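Heads up, the thing below is written out as structure tokens.
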Amino acid sequence: MKGLVIVSHGLLAAGMLDSAKLFLGSELPQVKACCLKADDSPEAFGDQIQQAIDEVNTGEGAIVFADLFGGTPFNQTLPLLSDQIDCIAGINFAMLLEYLSKRTFEEVNLPSIVQGGQQNIIEAKGYLSTLTLDDDD
């Protein structure tokens with residue numbers, strides 16, 4: 001099973017991990033959150049990400065989910081990418097839950113995780129306007 005590191009500005013990564021535990025249980029192996037604080041240097045944060053990857057990678061690799069494309073958490077992950085280390089930027093909660101629920105049982109296809117995250121971005125009023133009510137109700 002590949003490890004997972006969630007990286008973000010502020011406490012978003014820790015909050016997403018905490019919320020995932022409500023759905024999947026408190027024991028989520030090989031998962032770490034790295035939260036960039038205002039006084040962290042980019043280099044020190046990159047070291048923190050590397051350490052987290054090392055902790056969750058038990059030989060099968062790791063995936064980093066970053067909060068924002070082009071932000072410091074993402075940028076500090078780029079030099080760490082390799083044949084065993086991947087990164088997805090622009091994480092949302094649906095993506096996180098899908099990845100965590102699948103990774104134990106199957107090889108996870110990263111493009112499908114991205115597609116699933118995109119499909120879970122919905123503008124509520126537009127969605128509701130597409131629904132039709134049965135006249136018999």
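Scanning the stretch 15-50 for residues that are open to solvent by less than 40 Å² (accessible area, probe 1.4 Å), closer than 22 Å to residue 61 by Cα and not in a loop (DSSP other than H, G, I, E, B) gives 16, 17, 20, 31, 33, 34, 35, 45, 46, 49.
Condition check ((1) of a type in the set (Phe, Trp, Tyr); (2) out of contact with any helix residue (DSSP H, G or I) (no Cβ under 7 Å at 6 or more places or on another chain); (3) open to solvent by 90 Å² or more (accessible area, probe 1.4 Å)) across all residues:
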| site | (1), (2), (3) |
| --- | --- |
| 100 | no, no, no |
| 109 | no, yes, no |
| 117 | no, no, no |
| 125 | no, yes, yes |
| 130 | no, yes, yes |
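Considering the conditions (1) in contact with an Asp or Glu (Cβ under 9 Å, 6 or more places away or on another chain); (2) surrounded by fewer than 17 Cβ atoms within 10 Å (Cβ to Cβ), residue 73 is excluded by exactly one of them, (2).
The values are calculated or read from the model by the stated rules, or taken from the named source; none is laboratory data. Owing to the predicted nature of the structure, the values given are computational and were not obtained by experimental measurement. Counting neighbours? That spans all protein chains shown, and the Cβs are built from the backbone with ideal geometry, glycine included. In case anyone asks, the SASA skips ligands and DNA or RNA and just uses the protein heavy atoms, side chains included. Shrake-Rupley method; radii C 1.70, N 1.55, O 1.52, S 1.80 Å.
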